[in-house]
Amino acid sequence: SCRAVIFDLDGVLTDTAIYHFHAWKALADELGIAFTEHDNEQLKGVDRLGSLRWILQKGGLTLSEAEEARLMQQKNAHYLELIDHMTTADLYPGVQQLFAELRQSGIKIGLASASKNAAFVVERLGIAAQFDYIADANQVINSKPDPEVFLLAANGLGVAPEHCIGVEDALAGIEAINRAGMKAIGIGDARVLNGALKVYPTVQALKLNDITEL
Ligand code: B16
Ligand code: MG
C-alpha cells in the first residue's frame, strides 16, 4: 500500500518550463542557434548541463568546460530573474487540495526534482512546509532517468521504494521512478509517457482514490 507520494516539480506542480524556455532561448539567440518551444519539450526533466549540451549540439558547437560553466551561470541568472516573480498563483490548480488529502490520510509527501532551484521555487509557491522531504539536483550525481533522486527522496522520507508512488511529466522521470522500484503516475499525454501505470492530463485530475487504489 502507498505510504508516500514523491512529486516532480517542473511540469507537475507548476509550469517553470516557459521560464526555462525564455532563458535558454535568449542564450541560444546569442550563440546563433535556433531554439523553439518544440526543442524545449525535449529538455523537460533534463538537468542544466544536459540541456546546455543538447542546445550546443543542435548548433554544432563544442565548448570547453569553463565556457559551458559560464553559459550555464548566465542562463541561470536570467532564469532566477524570471522566476523571482512567481507566487502561490503559479501553483497548478488542485495541488493544495491533493496535498491536504494526502496529509489527512497519513501519506507522506516528497519532492524529487532535477532542478537546482527547486527549494527556491517551492518557497515562492508557498508549499515548502508541506514536504516531508525535498530531494533535488544539488544532492545527486546522476540525473533522471537514473533513479538516484527518487531513491534519495524515499530514503529521506523513511519509506521503502515499493511503498512509494512517483508522479512525473517527463519520460526520463517515469523511467527513473520505475528503476527506483516505485509505481509511476504520469501527468500529460498517455501516448508519450510510456511506462506509467496511469496517466492524467493534469495534477488536478489525480485524486486521492487513484493513489490509494493504485
Ligand atoms: P535548473 P524537474 C527540471 O526540473 C526541468 O524539468 C528541466 O527543464 C530543467 O532543465 C532542470 O530541472 C534543471 O533546472 O537549471 O533549475 O537546475 O522537472 O525535474 O522538477
Ligand atoms: Mg518535470
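Taken over segment 17-54, residues that are more than 16 Å from ligand 2 (Cβ to nearest atom), in a helix (DSSP H, G or I) and under 16 Å from Glu67 (Cβ atoms) amount to 7. For segment 139-156, a residue qualifies if it is out of contact with any Ser or Thr (no Cβ under 9 Å at 6 or more places or on another chain) and not in a loop (DSSP other than H, G, I, E, B), and the qualifying residues are Glu148, Phe150, Leu151, Leu152, Ala153, Ala154, Asn155, Gly156. Among the numbered conditions (1) more than 30 Å from Lys108 (Cα to Cα); (2) more than 9 Å from ligand 1 (Cβ to nearest atom); (3) surrounded by 15 or more Cβ atoms within 10 Å (Cβ to Cβ); (4) among the aliphatic types (A, V, I, L, M), the only one that Ala23 does not meet is (2). So which residues in segment 26-41 are at pLDDT 95 or above and either β-branched (Val, Ile, Thr) or within 9 Å of ligand 1 (Cβ to nearest atom) (or both), if there are any at all? Correct list: Ile33, Thr36. The residues of segment 141-170 that are surrounded by fewer than 21 Cβ atoms within 10 Å (Cβ to Cβ) and over 20 Å from Gly106 (Cα atoms), listed by number, are Ile141, Asn142, Ser143, Pro145, Asp146, Glu148, Leu152. Cβ separations smaller than 9 Å between residues 6+ apart or across chains give no pair from segment 102-113 residues that are over 16 Å from Ala154 (Cα atoms) and at pLDDT below 95 to residues that are among the acidic types (Asp, Glu) and surrounded by 22 or more Cβ atoms within 10 Å (Cβ to Cβ). Across segment 114-131, the number of residues qualifying as in contact (Cβ under 8 Å) with a residue 40 or more places away in the chain, assigned to a loop (DSSP other than H, G, I, E, B) and either basic (Lys, Arg) or in contact with a helix residue (DSSP H, G or I) (Cβ under 6 Å, 6 or more places away or on another chain) (or both) comes to 1.
The values are calculated or read from the model by the stated rules, or taken from the named source; none is laboratory data. In this text the structure is predicted, and so the values were computed from the model without any measurement. Positions of Cβ are backbone-derived with ideal geometry, glycine not excepted, and every protein chain shown enters the neighbour counts.
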